[in-house]
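Visitor: Quick one: the structure is below, questions incoming.
The values are calculated or read from the model by the stated rules, or taken from the named source; none is laboratory data. This is a predicted model, so every value here is computed, not measured. Neighbour counts run over all protein chains shown; Cβ positions are idealised from the backbone, glycine included. In case anyone asks, the SASA skips ligands and DNA or RNA and just uses the protein heavy atoms, side chains included. Shrake-Rupley method; radii C 1.70, N 1.55, O 1.52, S 1.80 Å.
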Amino acid sequence: MAATPEPSQTDSDPQDDQEDSATPDTLPDEKIGPSARAQLHPSKDKPQRRFAFRIRLPTIKDEFDTLPDYIRGCITQIIEEARKETSSGIKQFEVLQYPGPVGLELVLSIDPQRIDGRSTNQSTLEDFTSKIYLPGVNKITKAVQKYVPEECTVEIGTLDLSPLGTTAVNVSRLHLWSDHVSDPPGTKGGDALMTTFHTLREHSVAFLHQALFTPKNGGQYNATVRLATYPPQFVFSGREGFARIAERGHPFDLATTYKQHNFTSNFRGLTAPYWETEYTEKINGNSSYSASYTDEKVTPYTPKAQVRREANKVKDIVLGKSDYRHMLSANATWDTIHEDELNRYPRFSIPGTMIPQLTGLVRLRWKTNPWGVVPGREAPTFNTHEILQTYGSTTPNYGESDEFVNVPDETVENTGSPGHEAHVRSIIDAFTEGGDEIYEITQTTKSLPDIELHTETGEISTIPLTVDSSYVSVEAEHKNKTKASTTLVNAERAYAMGRHVIFVYNSRQGAKRGFNHLSQPYNDDLSDRSDGGVRLYTRTKPVRCPDDRIPVMKGSIETTWELFGRDRIVAHVDGIRIAAGAPGGDVGEFEWDTHFYQEVDGVHRVEDEDGTVIAEYNARETFTSEWTKISLPHIPICGNYLHFATVTYRTEAGDIEVYTDTPEWDTPDSAGKMNRHRGCLNTFTDHLICEREDARISSGELQTWAQHYYTARSTHDAPPGSIIVQALPDEIKETKKGGTNNRNPHYPGYDWVIPPEIDTPHRPGVEEALSDATDELAETSLGDLDIEPDEAE
């Protein structure tokens with residue numbers, strides 16, 4: 001009897017509903033406990049298999065060659081034997097295979113039936129757990145001794161999957177079409193499992209292969225088959241990875257060998273009609289890609305938000321990273337969208353005769369350990385409790401059970417909170433497992449980023465991302481989520497060093513807030529004013545005058561700073577102007593209509609402009625309860641920071657995901673490229689350009705900044721400058737002037753909302769003396785430089 005589709009299950013994983021774009025329908029991240037390696041205490045959900053059977057083939061060639069021919073089907077015989085009696089209490093069989101230190105290892109484990117009468121006789125929880133497993137383990141033990149050749153080593157113990165790392169990889173999962181049945185073994189081709197493992201061995205790929213079998217009536221099984229591969233160069237993430245798999249497939253796709261049996265996989269044929277994708281590898285080694293919603297399924301009865309939620313489920317299925325979490329927990333769950341919309345079944349019914357094609361002992365010898373070239377990951381460990389049989393060169397390994405405990409270095413001045421340190425550690429784990437070179441920076445000053453990446457080629461594989469410097473700053477944003485100026489100062493510090501910066505938040509919600517701060521680095525537009533002003537964010541640092549006094553005002557007040565281009569900046573308190581001047585100057589030199597504070601010999605003094613003492617306080621707390629220091633303004637370096645800053649977040653599963661907020665104008669090519677270009681330029685000019693008398697924007701400058709904006713927000717390549725000019729709104733395009741002999745094309749009467757040339761002294765790079773070292777810092781590790789500490793932000 002051939003394999004048939006299995007009725008659907010509902011996958012309750014909420015991350016499946018998470019959208020790339022920020023819509024009201026976005027749901028929370030998947031609720032899976034974080035990795036023990038990123039914790040200061042052991043994880044409660046360590047991926048393990050208790051009472052498991054490990055079977056190893058001999059490693060010496062002479063012993064290997066003596067293996068009998070029936071070895072290929074002995075796992076099937078064990079499973080079939082163990083399921084014969086209902087008293088065996090086995091709900092599900094799992095077979096895991098992976099290359100270990102001494103060759104291919106097979107681990108057979110069970111999920112026992114847990115509802116029975118033994119709970120009335122238990123003495124301890126551990127005793128009860130053992131009794132639950134006991135019938136199935138006894139049955140498998142007898143079958144192993146009956147069917148496994150004596151040349152093999154067999155042990156009972158606990159398999160620990162924690163060494164595989166904390167971050168998810170792509171998983172290939174076999175699917176069966178809803179109107180297909182699989183061809184039974186022997187009708188086509190050769191040994192699909194043997195071919196799969198042979199390919200993985202020849203390419204020295206570290207992998208984990210899983211087959212789950214749930215017994216059914218009539219000698220049938222519900223089957224699930226997955227393959228995870230771990231080398232960083234074969235782990236694809238984000239929209240670029242999605243587009244890459246959609247257009248080129250995955251190098252290690254189970255469907256490549258199993259298509260002869262009518263199977264396909266999550267890597268094949270799922271994107272239409274939800275997505276339009278493109279992926280091109282260029283001669284210089286770089287790639288260009290796009291992945292756009294098509295919205296073809298939107299109808300009056302099916303709103304866009306619902307269609308995009310479904311599209312994001314499809315993207316998640318194709319990447320296979322959420323399914324990797326299910327794989328580690330031996331969970332065969334799948335989402336109903338497979339059956340309802342995609343006509344696929346990731347869990348299907350097979351006869352027992354089909355099991356050897358899906359799993360079993362394979363006569364292949366590994367001479368090298370492929371985990372040696374996978375950074376941050378190792379083969380699973382097996383802790384042996386009992387040896388059933390051993391022979392010759394293959395001896396048991398009793399394993400280790402060490403836990404990572406992070407002990408802060410108390411000699412470091414700025415180590416951060418335990419939560420921050422755990423966040424930093426998890427980021428380093430994630431990028432290391434992704435194949436990147438990453439270092440934590442010793443914090444003797446708050447002038448430094450938390451972490452830095454080093455890349456010789458400019459390629460960062462974990463996200464993925466291409467940058468134009470050898471070093472990239474990484475900011476671990478653990479608590480700095482609500483204070484916009486802190487995020488912006490960290491970004492500007494990287495900009496002053498000539499670096500790209502990656503922000504890693506500990507939640508998607510935090511990343512959304514940081515993304516908004518970086519995409520609009522000021523508080524609000526002054527839309528009711530005709531002079532293009534904006535309301536700025538304030539910094540935590542106070543204004544400091546040349547005489548080292550600080551402007552203060554009575555009571556609990558809030559300072560509002562307003563910027564009007566390059567002309568002036570104004571400070572208000574409760575609608576009353578207290579200072580104004582040129583935005584490029586030191587605001588401490590403005591004329592302040594306030595009192596002033598200074599500390600003299602431990603006494604906190606409030607003075608008038610001439611130095612006459614108004615009040616004195618012996619305690620700082622008493623002073624701060626009655627007076628408020630005037631905060632510095634945060635003057636942005638430009639109107640949008642996303643061309644040199646990337647926003648990511650750490651999922652609760654431990655992965656690093658890029659935060660995306662797909663704009664409405666970023667439509668697929670099929671909707672018209674020029675429509676997309678015009679939509680981008682309309683948004684760009686609305687946000688970043690304003691009308692201002694006696695001002696002008698050069699055409700070249702406008703094209704450059706528009707391309708930066710396009711690249712930062714779109715999944716498509718930015719158009720050339722000539723197309724940018726054509727796509728401008730008519731009211732701006734019509735004002736273009738050419739100057740003498742058209743050598744200086746510009747747009748008079750228009751200006752940047754935030755003029756980039758404002759060179760305020762209140763900016764990282766000036767305060768921290770970093771700007772003069774830009775070239776050196778872009779190509780040099782901060783660990784090799786001596787940077788003076790500054791006042792904490």
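Visitor: Could you pull out every residue, at least 5 positions away or on a different chain, whose amide H is within less than 5 Å of the one on Thr294? Hs are placed 1.01 Å off N in the peptide plane, and Pro or chain starts have none.
Guide: Result for Thr294 returns Trp275, Glu276.
Visitor: Determine, from the Cβ-Cβ distance of Asn331 and Glu247 and an R0 of 30 Å, the FRET efficiency 1/(1 + (r/R0)^6), rounded to the nearest 0.05. Intermediate values should be presented prior to the final figure.
Guide: Numbers: r = 30 Å, r/R0 = 0.99.
My answer for the efficiency is 0.50.
Visitor: Taking H as built 1.01 Å from N, whose amide H comes closer than 5 Å to the amide H of Asn506, not counting residues under 5 places away?
Guide: Residues meeting the amide H criterion: Arg650.
Visitor: What is the gain in length, in nm to one decimal, between Leu526 and Thr624 on full extension, counting 0.36 nm per residue of separation less the C-alpha to C-alpha distance?
Guide: 32.2 nm
Visitor: While we're on this one: Pop a pseudo-label 7 angstrom from the Cα along the beta-carbon direction at both Ala671 and Lys304 and give the gap in nm to one decimal.
Guide: Simple spin-label model gives 0.7 nm for this pair.
Visitor: Residue separation times 0.36 nm, minus the C-alpha to C-alpha distance between Lys479 and Glu558: what's the value?
Guide: That pair, Lys479 and Glu558, stretches by 26.2 nm at full extension.
Visitor: Still on this structure: Could you sort 457-465, 676-684 so that the peptide with the highest average Cβ count within 10 Å comes first and the rest follow in order? Spell out each step's value before the answer.
Guide: Working: 457-465: 18.7, 676-684: 20.4.
Highest-to-lowest ranking by the protection proxy: 676-684, 457-465.
Visitor: Suppose we keep just the alpha-carbon trace of the stretch 135-248; what are its Rg and Dmax in angstrom?
Guide: Rg then Dmax for the stretch 135-248, in Å: 18.1, 50.
Visitor: Per-residue counts of other Cβ atoms within 10 Å, averaged by peptide: what ranking do you get for 49-59, 323-333, highest first?
Guide: Put in order of decreasing packing, that is 49-59, 323-333.
Visitor: How far apart, in nm, are the 7 Å Cα→Cβ label points at Lys91 and Thr195?
Guide: Modelled inter-label distance: 3.6 nm.
Visitor: Between Glu386 and His572, take the C-beta separation as r, use R0 = 56 Å, and let me know the FRET efficiency to the nearest 0.05.
Guide: Between Glu386 and His572 the formula returns 0.15.
Visitor: While we're looking at this one, here's another question. Calculate the length of the line joining the C-alpha centroid of the stretch 332-368 to that of the stretch 584-627, in whole Å.
Guide: Taking the Cα centre of the stretch 584-627 as reference, the centre of the stretch 332-368 is 73 Å away.
Visitor: Straight-line reach from Lys541: which lysines have a Cα under 22 Å away, not including same-chain ones fewer than 8 places off?
Guide: Lys446, Lys479, Lys481, Lys483, Lys554, Lys629
Visitor: Further, regarding this structure: At 0.36 nm per residue, minus the direct Cα-Cα distance, what do Asp593 and Glu701 gain on full extension? Give it in nm, one decimal, please.
Guide: Going from the current span to full extension adds 35.0 nm.
Visitor: Check cross-link reach from Lys216 to the lysines: straight Cα distance under 29 Å, and skip same-chain residues fewer than eight apart.
Guide: Partners found: Lys84, Lys91, Lys131, Lys139, Lys142, Lys146, Lys188, Lys259, Lys321.
Visitor: In the stretch 324-368, whose amide N lies under 20 Å from the spot 7 Å out along Cα-to-Cβ of Ser178? List them in ranges.
Guide: The answer is 333-350.
Visitor: Based on the Kirkwood radius over alpha-carbon pairs, what is the Stokes-Einstein translational diffusion coefficient of the stretch 630-718 at 10 °C with 1.306 mPa s viscosity, in µm²/s?
Guide: Estimated via Stokes-Einstein, D reaches 103 µm²/s.
Visitor: Return the carbon/sulfur percentage of the accessible area of the stretch 616-658, one whole number, probe 1.4 Å, all protein chains in place.
Guide: Carbon plus sulfur share of accessible area: 40 percent.
Visitor: Where the eigenvalues come from the Cα gyration tensor of the stretch 458-497, what are the semi-axes √(5λ) of the equivalent ellipsoid, largest first, in whole Å?
Guide: The answer is 22, 13, 7 Å, longest axis first.
Visitor: Compare the peptides 101-107, 264-270 by average per-residue count of other Cβ atoms within 10 angstrom and give them in order, highest first.
Guide: Peptide ranking by packing, descending: 264-270, 101-107.
Visitor: Between the stretch 700-737 and the stretch 515-577, what is the C-alpha centre distance in whole Å?
Guide: 30 Å
Visitor: What percentages make up the Cα-Cα pair-distance distribution of the stretch 528-613 when the bins are 5 Å wide from 0?
Guide: Bins of 5 Å from zero give 3, 13, 23, 25, 17, 10, 5, 2, 1, 0 percent of pairs.
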